[in-house]
């Protein structure tokens, strides 16, 4: 009886420990799961982190979408960072190029990383960037300026309820942070 | 739940005489003990010490908030107080108190001689003091202790956190290990050590609720461990789980944290339901109404608890369909909870009720926990949550469910089982004084917070606009009174341990359960031969 009990205990304990270890792993599995869900469902304003290829699609001349550009800089990065134009009116399917301008105001070489976010979040999946400075890290020497290109098109499948898309960039200081660029991370996946 | 007991107390005494080794003496007894009753006692004392420690921090908070402006402490220290108060109360006071009760009661309730894994039991208790020593010591370090709220949202806990954050992380790791070991022990004990004839649907509800709680602990404490590990590596090792600059996402922190955090709040209330389900029938002198619906309701709450985490994050900019999903799931929890409250009230209905201290606390629990549940329902409504979010309304809500919910039920349980633990009756008059002081002051303390929150006072802020001054003074006075009232509880417990009217094996005439077949105080070794259960 006592031996049976010990065996039964051991078996149950192994299951429970396996469950605990599994849930520890699940906690980490939530990280890629979260990214995949956000990207697939186009929620949370996350746009794709790698360039999408542009296959010419029918340009929907009947519809005009206002695309607004915003740029913010984290307080620990002494840079100036602005969109060339604040607002563009584009047709879905049309390939558009615009620029952002960055200037390092400090006397040191600094590395910045721009992180995009699209609002409303439901529109993020329809905002395709074929070229974006946000795919790479930006390294600016002291007082240097840079013109940062962005080429994008809006997917014609964009829901009718959306007439304005706001693309907002936040520029982070990643000097000495040892981060690989977002695009390399995407490639590693 | 009719467990009719064959063993007479005399028979119990007989088999107790077979064991001549009683409790060893001195400090070594407590360090090396594998006895479930000793470990239960250790847990309960530890949790009471932590309750007073966290309470002292609450006093600092309420003293600072007595007047607008900055009086006593710096804002950074104020933030450390709110953070560590929360951590100490959640992981140091409420959870160990329940584990202590589980240790004391589960073996006696299911007719087992001890917990299934006594050595692990010792280990899971004794790592706890170290966890809290690490956490509390960080308050005295340069740069201070954790100041980012008990929810340690990134980037507050990563980019902007003090240097001592690693200590916070390691202390949470140790607390998590302790909880998981405790939970494994509870599950194995309940599954494998029930006396013959103690079938699933004869288990006392305290055992049922703890079994379900233990599964919740095993499911979510590892997720918490993972979360703090990510915070650790983000802060010290250059990963970017939560840092947008490196491709991470701070909102993801909240998702992972609340995936742990919401089941955690049920971990802190389900055992309460078990305690109340023992006390209400005992003092109503009726069987518990709807035993099996109680079991199913508990299980439903546990399952639903995994589907509602994002109601803590309505304002993060979720898509509308997600907000609706989490809103409806959250409101669904009111159904099984309502079943429970209904069953307790139906148990009391036409019972011959007497109002000894445990029953007073139990009735107060039912009323005040329900108030906390209603404010929870209000918070569950997405559009109004945009107004209530991060205000004192939230503070009022979770203190109603945790203080007048979890803590009141622990006190009710302590009064109820103290005669069994100590062999002496507690001082009923002092107990009632403790109850009335507590129940009045706790409402003076927390009820006006609802209005502060509705008027827009944000939580976790050391200063406030002057129009909130009057209500904050009332709240602070209630806070001081509630804090002092708990010293009466300490006096009652010490007095009861030192002596008092001898308790019979079953001091409450309506009480049911195997623990009452044992003499009071419960012998050091009990149920070495399993009792017979019909």
For the pair residue B:322 and residue A:141, what calculated FRET efficiency results from E = 1/(1 + (r/R0)^6), where r is the Cβ-Cβ distance and R0 = 30 Å, to the nearest 0.05?
-> 0.10
Using the alpha-carbon atoms, what tilt in degrees (0 to 90, nearest 10) does helix B:36-64 show relative to the longest principal axis of chain B?
-> 30
Expected 222 nm ellipticity per residue - DSSP helices of 4 or more, -39500 (n - 2.57), all of the protein assembly as shown, to 500 = -18000 deg cm²/dmol
Here the gain from full extension of residue A:29 to residue A:4, 0.36 nm per residue of separation minus their alpha-carbon distance, amounts to 5.3 nm
Using a 10 Å cut-off on Cβ atoms, rank the peptides B:298-306, B:206-214 from the highest mean neighbour count down.
-> B:206-214, B:298-306
Rounded to two decimals, what ratio of Rg to Rh does the stretch A:1-41 give with C-alpha atoms and a Kirkwood Rh?
-> 1.40
Expressed in whole Å with the largest first, what are the equivalent ellipsoid semi-axes of chain B derived from the C-alpha gyration tensor as the square root of 5 times each eigenvalue?
-> 38, 25, 24
Using only the alpha carbons of the protein assembly as shown, determine the length spanned along each of the three principal axes and report them from longest to shortest in whole angstroms.
-> 91, 60, 50
Extension gain (nm, one decimal) between residue A:36 and residue A:164, 0.36 nm per residue minus Cα-Cα = 43.6 nm
Test item: A:71-77 mean partner chain Cβ contacts at 10 Å = 1
Rounded FRET efficiency, nearest 0.05, which uses the C-beta distance separating residue B:153 from residue B:487 and R0 of 30 Å = 0.30
Could the peptides B:93-106, B:432-445, B:27-40, A:65-78 be put in order, highest first, of the mean number of other beta-carbon atoms found within 10 Å of their residues?
-> B:93-106, B:432-445, B:27-40, A:65-78
Quick one: angle between helix B:428-454 and the longest Cα principal axis of chain B, in degrees between 0 and 90, rounded to 10, please.
-> 20
Distance between modelled label sites at residue B:287 and residue A:119, nm, 7 Å Cα→Cβ extension = 6.0
Would you mind checking the stretch A:89-104 for residues with the amide N under 20 Å from a putative spin-label position 7 Å along Cα→C-beta of residue A:151?
-> A:89-102
Order of B:272-280, B:362-370, A:162-170 by packing, highest average Cβ count within 10 Å first?
-> B:272-280, B:362-370, A:162-170
Return P(r) of the stretch A:65-188 (all Cα-Cα pairs; 5 Å bins starting at 0; whole %; ordered from short to long distances).
-> 2, 10, 21, 23, 18, 13, 8, 4, 1, 0
Peptide B:192-202, shielding by other chains (average Cβ, 10 Å cutoff) | 1
How far is it, in nm, from the label point at residue A:60 to the one at residue B:428 when both lie 7 Å from their Cα along the line to the Cβ?
-> 7.8
Hey, got the Cα dimensions of the stretch A:136-177 along the principal axes, in Å, largest first?
-> 45, 21, 15
Would you please state which residues of the stretch B:505-534 a label at residue B:199 would reach in this model, taking the label point 7 Å out along Cα→Cβ and a backbone N cut-off of under 19 Å?
-> B:513-514, B:531-534
Efficiency of FRET between residue B:23 and residue B:498 - r from beta-carbon atoms, R0 22 angstrom, step 0.05 = 0.80
Indicate, rounded to the nearest 5 percent, the antiparallel portion of the DSSP beta bridges found entirely in the stretch A:65-188.
-> 80
Extension gain (nm, one decimal) between residue B:455 and residue B:52, 0.36 nm per residue minus Cα-Cα = 142.0 nm
Measuring from label point to label point, each 7 Å out along Cα→Cβ, what is the residue B:331 to residue A:70 span in nm?
-> 3.1
Could you state the angle between the C-alpha long axis of helix A:2-41 and the longest principal axis of the C-alpha atoms of chain A, as a value from 0 to 90 degrees rounded to the nearest 10?
-> 10
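Here, each number is a calculation from the coordinates, and none is a lab measurement. These numbers come from a predicted model, not from an experiment. Cβ atoms come from the backbone with ideal geometry, glycine included; neighbour counts cover every protein chain shown.
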